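Reviewing the structure listed below.
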């Protein structure tokens, strides 16, 4: 029974929450830029409008890939709510990310192709870091299962502070916020037009957007695990983290993929290493 | 089902994404369009985003006289916009070719190539006028039939 | 019963190979190959159903098996020596003569042949290997029949070299079966050398200069492995006074002196499995015809190397040797995955991927916990199917388009839809859940999590794998839209192996809980996972295989259904800044002339380039290997 409720929460509530977070994101960004910005439920209007558009396609692979992306993102969130295995959640989420890249590669537009290449570099950058964060959680709690984290008495942030920063890197890359927004980016920050999402339009772009909401909820959920001992802790931690994300997004300019791969791997892998050795030593 | 359709229809007005194309303009109108996006006018609070991609756009703002070189591009861009869409011609040049109408390379007005829904006169039109034009254009989305007259 | 099974599985292929060589009528040879394949596949299943055994076969034609083995060994070594002289390769000559002298002295003067023990012993690991070799190997041989016909037609050969080709292809299957079923270490050595000779002959099949050069490299490296094997054999005999593998494994626990031969055996296995710094022979072997690459260099022969490590793993569990093995494997996994990212040659990508996955199996053999062994065995099975599938697809593509370059394969879906879809399916089964290779990788990562210096290369290597696989899959689909794509012509013998391997990869992944329960658990002291409703459960992790398969399959069905309905949508070309023309592959350029739209994949040559990394990787790999052997002395 509880499982059914959690599944429904994962499937229905998570995207609503994700959309709301996206709306708050735009509102806060506007506030940083001395503007008013759209209402917080703007993303829902965006997605509804997109569903009502004519279907315009370059090929049928885009359709397949958009659907599988949403399915995988939804499944990973449901698994998260069901407190399943962290590595499994990562790999299921990767199914969606990879299909999205494949859909982008399948379009013969240069913007799509270059965007897809860059998205692969982004995946390459964050995936090992997230695996190492999960290994850190394993060393701290003795299991990869999320249920174990909730049975701890001390917040994970205490033993895994550096790994939380590494997770922050991964979060920034996954959310495609500046300086890591070269494969595609929010709103109108064009470099490659819309990068690998250029050829997705109408209802399929709406599906991709909903998939992205699921992923935002998943990643913020992962952040929340680091203070799983109290509700106040979760809200404060996730709130501060997301605020920092928006701040960094507004303050930094878009960089290059070489810089990202070099600096994030250098910082991320070394911080992970230090934290993991720390855990081993305890 | 009907509630959903009504919500989608409402969303078309609440979230118009625009594509801005300079079809041979002196950039005066273009600067005014971009001024609308700045914090002073802040059209993003109406949900308007300047996407650079016709496939994502609902609203097409065209400036400039249109010449024999870029008329194909204009037609191509409109063809790659999914329905429902509205085309707004800005400035005197966009309406009829403005002062450049007699030049040999000028086609003279956007509506000679693609059907236009709203004309915003001015040289350049003020941001308020452009916003007014966009709002008029959005009313098209609420009409019973989505096809053009 | 067991006698006939063993005869069919081990001697049968040798006989069939001789027949293939003698009978010069192509259709009869094809029938022989087909019949051998079916027979091997069926027999391997029957053998598996029969269960674990310990068996002494009767003398063959009145001569005890050990004499056959010695004669076979001598003939093999002399043949290799002949070729070493023909190719004028000094190091090979030295290694082969060394092996010849040591082996004959050992067999004739040192070994006490009065000690009787069953030379053929099989536990589940062996039976699983026999199944994989016989089934996947047979499918590859079947595919090879039309493939080689077309291959030789392309080359416009006057005299067909297919008799030799098929002879060695089949012989290797028999040798592999013999290797995994052997309990006598001398027998294992003989089968090991058969695969070395077979590999040498098959790599040089096309007789081009590159092929001959690469075959010589394969020869000397594998002879190095053979030499290490012999030294290990002799050393082990001197300390333990037996050539029985089971006893040697048990003796390893006494540590100390026994570790050196075990280290040398691991070394031999690692060279056979093309781990760094010995990876160049496998990369060079890609010049061979594709069935060779599929059979030898991905699904079966290189698995001999990992098999040896897994078989002897209980002997060195928990020692420094074990840790070194893990380190070597992890480093290879990382380096191979990194270098694959810079490759545009399809077969080289597959080769690097094979080397990487074999490294992962060595990691599991080194960690040696029940989870790790589970991961190793499952990975052997699933990797064999998926990799063979990919190699065969690439072989088919190469014959159709004349190139192995991924850029030429761009948009292959429009020209060869069936092969492209099967290749994409193969790639997906190699890297994504809910398929077996990813399940094995999940188990391996969870097993390796306590080992810091292993988990970091595994994490980075696994992300690199995603890069080179997904871009290949995407590029295969990258064609302008055609409402109806004409499927390419595929003969039965080409399509059947591809479909069987694809179906096998998918269905076996679904059967992973059964494979685990029936094949893996009996081998382990304690089952590392419990399975409830298709979910692998364990205090440290859980893999909800059936639930996620169900949801992903449903999503896939919806996706395909939606794609079908989307055919009524409006199709426009890609966004090309408004400059598109009626032809989706061009845009209007200067002077109104059409310019072709071209794009490419990032190969990151400056970071992951083969030339850049190989030297460093070889140095590191060499140091780790030295540590492996030197560390055993402790």
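Before moving on, here are some points about what is shown:
- Cα gyration tensor shape of segment C:1-95, rounded if a/c is under 1.5, else prolate or oblate by comparing a/b with b/c: oblate
- Seen against the Cα atoms of chain C and their longest principal axis, helix C:26-50 is set at about 70 degrees.
- Structural size metrics of segment C:322-415, computed from C-alpha coordinates, are Rg and Dmax of 15.7, 49 Å.
- In the protein assembly as shown, the inverse of the mean reciprocal separation of distinct Cα atoms equals 31.1 Å; this is its Kirkwood hydrodynamic radius.
- Placing pseudo-labels 7 Å out from each Cα toward the beta carbon at residue A:255 and residue C:403 gives an inter-label distance of 3.6 nm.
- DSSP assigns beta bridges within chain C; of those with both partners inside it, close to 100 percent run antiparallel.
- Once the Cβ-Cβ distance of residue C:598 and residue C:623 is raised to the sixth power relative to R0 = 51 Å, the FRET efficiency obtained is 0.75.
- Gain upon complete extension [residue A:230, residue A:9; 0.36 nm per residue less C-alpha separation]: 77.5 nm
- Neighbour counting of Cβ atoms within 10 Å sorts the residues C:270, C:233, C:258, fewest neighbours leading, into C:258, C:233, C:270.
- 10 Å Cβ neighbours from other chains, averaged over peptide B:71-79: 4
- Of all DSSP beta bridges in the protein assembly as shown, antiparallel share, percent nearest 5: 55 percent
- Average projected area [Cα convex hull, segment C:519-600], square nanometres: 11.2 nm²
- Estimated D of segment A:1-149 in µm² per second, where Rh is the Kirkwood radius over Cα pairs and Stokes-Einstein applies at 4 °C, 1.567 mPa s: 73 µm²/s
- Label-point gap, in nm, between residue C:116 and residue C:23 - each point 7 angstrom along Cα→Cβ: 3.8 nm
- When each of C:565, B:71 is scored by the number of other beta-carbon atoms lying within 10 Å, the sequence from fewest to most is C:565, B:71.
- The ellipsoid equivalent to the alpha-carbon distribution of chain B has semi-axes of 26, 17, 12 angstrom, derived from the gyration tensor eigenvalues as √(5λ) and listed largest first.
- Residue ranges C:153-165, B:38-50 sort as B:38-50, C:153-165 when ordered by packing (mean number of other C-beta atoms within 10 Å per residue, highest first).
- Sorted by Cβ neighbour density within 10 Å, fewest at the top, the residues A:53, B:10: B:10, A:53
- On the basis of the beta-carbon distance and an R0 of 56 Å, residue C:79 and residue C:615 show a calculated FRET efficiency of 0.95.
- In chain A, Cα pairs under 8 Å separated by at least six residues give a relative contact order of 26 percent.
- Cβ crowding within 10 Å averaged over residues, with C:458-465, C:399-406, C:542-549 ranked highest first: C:458-465, C:542-549, C:399-406
- Per-residue extension of 0.36 nm, minus the Cα-Cα distance of residue B:126 and residue B:103, leaves a gain of 5.7 nm for this segment.
- Partner shielding of C:594-603 amounts to 4, given as the average count of beta-carbon atoms from other chains within 10 Å of each residue beta-carbon.
- Average Cα contact separation per residue, chain C, under 8 Å, 6 or more apart, as relative contact order %: 14 percent
- Reduced Cα scattering model of segment C:120-219, Debye log10 I(q)/I(0), q = 0.20 Å⁻¹: -1.04
- Average projection area in nm² (convex hull over Cα atoms of chain C, one quarter of hull surface): 29.9 nm²
- Entry note: segment A:1-87 has Rg to Rh equal to 1.07, where both radii use alpha-carbon atoms and Rh is the Kirkwood radius.
- Taking label positions 7 Å along the Cα-Cβ direction at both residue B:34 and residue C:63, the computed distance is 8.9 nm, reported to one decimal.
- Cα gyration tensor, segment C:482-634 - rounded (a/c under 1.5), prolate or oblate: oblate
- Cα-based helix-to-principal-axis angle, A:161-174 vs chain A, degrees rounded to 10: 10 degrees
- Span from the segment C:58-77 Cα centroid across to the segment C:151-229 one, whole angstrom: 20 Å
- In chain C, the longest principal axis of the Cα atoms and the axis of helix C:320-341 are about 30 degrees apart.
- In chain C, helical runs assigned H by DSSP with n ≥ 4 each contribute -39500 (n - 2.57); averaged across all residues and rounded to the nearest 500, the mean residue ellipticity at 222 nm is -22500 deg cm²/dmol.
- Taking only the Cα atoms of chain A, the radius of gyration and Dmax are 18.4, 59 Å.
- Anisotropy class of segment A:210-282 from Cα gyration tensor, a/c 1.5 cut: oblate
- Of the peptides B:104-115, C:353-364, the order by per-residue mean of other Cβ atoms within 10 Å, starting with the highest, comes out as C:353-364, B:104-115.
- Once the gyration tensor of the Cα atoms in segment C:233-327 is diagonalised, the equivalent ellipsoid follows with semi-axes of 29, 14, 11 Å, ordered largest first.
- Averaging 1/r across all pairs of distinct Cα atoms in segment C:1-314 and inverting the result yields a Kirkwood radius of 19.6 Å.
Every read-out reported here was derived from the displayed coordinates using simple, explicitly stated rules and does not represent laboratory data. Quick caveat: nothing in here was measured; it's all calculated off a predicted structure. Don't worry about glycine lacking a Cβ; one is built from the backbone with ideal geometry, like all the others, and counts go over all protein chains shown.
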